[in-house]
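Heads up, the thing below is written out as structure tokens.
What follows draws every value from the coordinates through simple rules; no lab data is involved. It should be emphasised that the depicted structure is a prediction, and the values quoted were computed from it without experimental measurement. Positions of Cβ are backbone-derived with ideal geometry, glycine not excepted, and every protein chain shown enters the neighbour counts.
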Amino acid sequence: MTAVHLVVPAGVDDPGRPSGGNVYDRRVSTGLADLGWAVHEVAVPGSWPRPEPRDLFVLAGFLARIPDGAIVLLDGLIASAAPEVLVPEARRLELVVLVHMPLGDGAAARGEPASPPANEPS
């Protein structure tokens with residue numbers, strides 16, 4: 001049986017905080033389980049996608065406990081906000097980012113228009 005670790009924001013099932021990302025994460029988790037995968041969920045507390053230093057520390061601790069070579073699916077809000085934690089872990093874990101709505105260069109999160117790709121005129 002193939003195993004996967006699914007890293008989601010804490011509160012992923014909170015009906016008071018509906019989110020397309022939460023629905024997406026749930027569908028991926030359920031779909032993999034239906035296919036016979038063992039899904040080990042890790043709900044990470046924090047103010048994602050704008051984590052505090054403590055949030056990044058907690059995420060790093062969760063990832064450190066995952067065995068080398070494991071497949072890890074990461075919610076896009078967590079992954080996009082934590083490159084300093086994820087890049088070193090990419091040497092030992094198979095990291096996959098679940099992105100249901102990309103934010104581009106971060107401009108949307110700041111309320112600014114997105115920058116065009118480098119190969120397109122502005």
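Rank the residues His100, His40 as a footprinting-exposure proxy: fewest other Cβ atoms within 10 Å of their Cβ go first. If you can, show how the numbers build up before the last one.
Numbers: His100 16, His40 13.
Arranged by neighbour count, lowest to highest, His100, His40 become His40, His100.
What is the stretch 1-83 by shape, rounded, prolate or oblate, if you read a ≥ b ≥ c off the alpha carbon gyration tensor as root eigenvalues and call it rounded for a/c under 1.5, prolate for a/b larger than b/c, and oblate otherwise? Taking the square roots of the gyration eigenvalues as a ≥ b ≥ c, the stretch 1-83 is oblate.
Distant-in-sequence amide contacts of Leu74, defined by a placed amide H-H separation under 5 Å and a gap of 5 or more residues or a different chain, comprise Val7, Val96, Val97, Leu98. Around the amide H of Val44, modelled in the peptide plane, lie the amide H atoms of Val8, Ala10, all under 5 Å away and 5 or more residues distant in sequence or on another chain. Amide hydrogen proximity for Leu93: with H placed 1.01 Å from N in the peptide plane, the residues at 5 or more positions away or on another chain lying under 5 Å are Gly69. Across the stretch 54-60, computed HN-Hα scalar couplings (Karplus, 6.51 cos²θ - 1.76 cosθ + 1.60, θ = phi - 60°) run 5, 4, 5, 4, 5, 4, 4 Hz from first to last residue, x flagging Gly and Pro.
Ordering 19-26, 49-56 by mean Cβ neighbour count within 10 Å, with the highest value first, yields 19-26, 49-56.
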